[in-house]
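Report on the structure given below.
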Amino acid sequence: MILVTGATGTVGRELVRRLPAGLAVRVMAREPARVAGAPAAAEVVRADYGDPRSLARALDGVKAAFLLTGRVGDDDEHFVRAAQSAGVRHVVKLSAAAVADPHADDLITRWQRATEELLRGSGMDWTLLRPRAFMSNALSWAASIRSDGVVRALYGGSANACVDPRDIAEAAVRALTEDGHAGRAYTLTGPGAISAAEQTAQLAELLGRPLRFEELGPQRARTALAARYPREIAEALLASAERQRAGAKAGVDATLPGLLGRPAGTFRGWAEDHLSAFSSL
């Protein structure tokens, strides 16, 4: 039995769609009605990381699990302890590329490092997926593109080797279903580094309409982030942007093409497949 967490999120949705037919699959979600695209035979269960009984039910009989948590806190620890008790053999964890950067010491990166260390000491087999930023983060610009033809972002000239979430999902499927991935940490990037200004230009070309890039200064960015996130998370995101401006996220890694047996997807390819989100038609 394979358990998938985070199935209503960007990567989890793509993962469940890619699981081979015939596998015993269980999908765990706080809101099962939001799960879409899971195999017809998959079992969808309601569970929460903070509810030990629901976690125990979700993990019963599970041999391999995909762990994706979106909240800084104790969710990962609760899951790992419950997985140990349930006899899970292998956990594939979605982490972040920043954990390997010695200059990254923000709250989010420290949390991911702590989870990785917890898994390493758990006695279970583990695989760590460490992606760069998701190409789908560009969807946060969709509303302003549709309404005003503008993209607003901090440090528009800084480059990030962002990765297609569909590629991350495919890598996760391989780690869950193939031998040879236990004890491995995979840095996952796209095929090249691209800046927000360059992404804006590509979206404009694909949409066939002019788009304007508007650079946010640090204070405007801080205000915008503080309206959406707790202060420590907002500061962590700002620190991450500073590291990107210094070039820390521009490196391209060959791991993903090696895992998938094909080139990693480009931002243009991702954008072509999601163009309707940016279109006012």
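The values are calculated or read from the model by the stated rules, or taken from the named source; none is laboratory data. This one's a predicted model, so the numbers in the text were calculated from it and none came from an experiment. Cβ sites come from the backbone with ideal geometry, for glycine too, and all protein chains shown count toward neighbours.
If you take the residues of region 172-211 that are touching a Ser or Thr at 6+ places or on another chain (Cβ under 8 Å) and assigned to a strand (DSSP E or B), which of them is surrounded by the most Cβ atoms within 10 Å (Cβ to Cβ)?
LEU188
Tally the residues that are outside any loop (DSSP other than H, G, I, E, B), charged (D, E, K, R) and either under 15 Å from GLU77 (Cα atoms) or under 22 Å from the mean Cα position of the chain (by Cα) (or both), restricting the search to region 35-52.
1
Going through region 219-240 one residue at a time, which ones are part of a loop (DSSP other than H, G, I, E, B) and not charged (D, E, K, R)?
Selection gives ALA227, TYR229, PRO230.
Kindly indicate which of GLY73, GLY6 is surrounded by fewer than 17 Cβ atoms within 10 Å (Cβ to Cβ) and either at positive phi or in contact with a Cys (Cβ under 8 Å, 6 or more places away or on another chain) (or both).
GLY73
Taking region 179-211 as the region of interest, how many residues are farther than 30 Å from GLY149 by Cα, charged (D, E, K, R) and at pLDDT 95 or above?
Counting residues in region 179-211 that are farther than 30 Å from GLY149 by Cα, charged (D, E, K, R) and at pLDDT 95 or above gives 1.
So, in region 25-47, of the ones that are touching a strand residue (DSSP E or B) at 6+ places or on another chain (Cβ under 9 Å) and among the charged types (D, E, K, R), which residue ends up nearest to ALA169 (Cα to Cα)?
So, considering only residues that are touching a strand residue (DSSP E or B) at 6+ places or on another chain (Cβ under 9 Å) and among the charged types (D, E, K, R), the one nearest to ALA169 (Cα to Cα) is ARG26.
Which residues, taken from region 54-77, are free of Cβ contacts under 8 Å to residues at least 40 places away in the same chain and over 20 Å from the mean Cα position of the chain (by Cα)?
Of everything in region 54-77, those that are free of Cβ contacts under 8 Å to residues at least 40 places away in the same chain and over 20 Å from the mean Cα position of the chain (by Cα) turn out to be SER54, LEU55, ALA56, ARG57, ASP60.
Do you know which residues across region 252-273 are assigned to a loop (DSSP other than H, G, I, E, B) and either surrounded by fewer than 15 Cβ atoms within 10 Å (Cβ to Cβ) or among the β-branched types (Val, Ile, Thr) (or both)?
VAL252, ALA254, GLY261, ARG262, PRO263, THR266, listed by residue number.
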